[in-house]
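First comes the structure, then the notes that go with it.
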Amino acid sequence: MSGENELLENLEKLHTTELGIERIRRNLSLDVEDVVKWCREQVSSAQAEISRKGKNWYVRVDGCVITVNAYSYTIITAHSI
């Protein structure tokens, strides 16, 4: 298992911390109840460009980049581009 399929096949493992939720909401000006669900939807989007650099996955989609730890599947942060 490699490439973007590895992240897509482990979508159910995506999670983040309370601080991560607040950081993502602030960085993207999100007004959603479930940030992790929102991130899963973005990652699984047909428009998502998924790449891996070192220990992190980077998902470029809909004007933002979502950073996910490749080992723990923790959503670290997200930024507008």
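No value in this document is a laboratory result; all are computed from the given coordinates. Quick caveat: nothing in here was measured; it's all calculated off a predicted structure. Note: ideal-geometry Cβ built from the backbone for every residue, glycine included; neighbour counts use all protein chains shown.
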(Q) Of everything in region 1-44, what is in contact with an Asp or Glu (Cβ under 7 Å, 6 or more places away or on another chain) and surrounded by 13 or more Cβ atoms within 10 Å (Cβ to Cβ)? Give them in sequence order. (A) 42
**Q.** Failed item in (1) under 11 Å from residue 77 (Cα atoms); (2) of a type in the set (Asp, Glu); (3) touching a residue at least 12 places away in the same chain (Cβ under 8 Å), with residue 49 passing the rest
**A.** (1)
Q.
Given the condition farther than 17 Å from residue 16 by Cβ and over 12 Å from the mean Cα position of the chain (by Cα), answer yes or no: does some residue in region 63-71 qualify?
A. yes
Q: Can you work out which of the residues in region 25-81 that are of a type in the set (Val, Ile, Thr) and assigned to a helix (DSSP H, G or I) is nearest to residue 13 (Cα to Cα)?
A: 36
**Q.** Among (1) of a type outside the set (Gly, Ala, Ser); (2) in contact with a Ser or Thr (Cβ under 9 Å, 6 or more places away or on another chain); (3) within 14 Å of residue 6 (Cα to Cα) - the single one residue 49 does not satisfy
**A.** (2)
Q.
Of all residues being farther than 19 Å from residue 25 by Cα and polar (S, T, N, Q) in region 51-68, which is surrounded by the fewest Cβ atoms within 10 Å (Cβ to Cβ)? Just the residue, please.
A. 51
Q. Would you pick out the residues in region 69-81 that are loosely packed, with under 13 Cβ neighbours inside 10 Å and of a type in the set (Ser, Thr, Tyr)?
A. 71, 72, 80
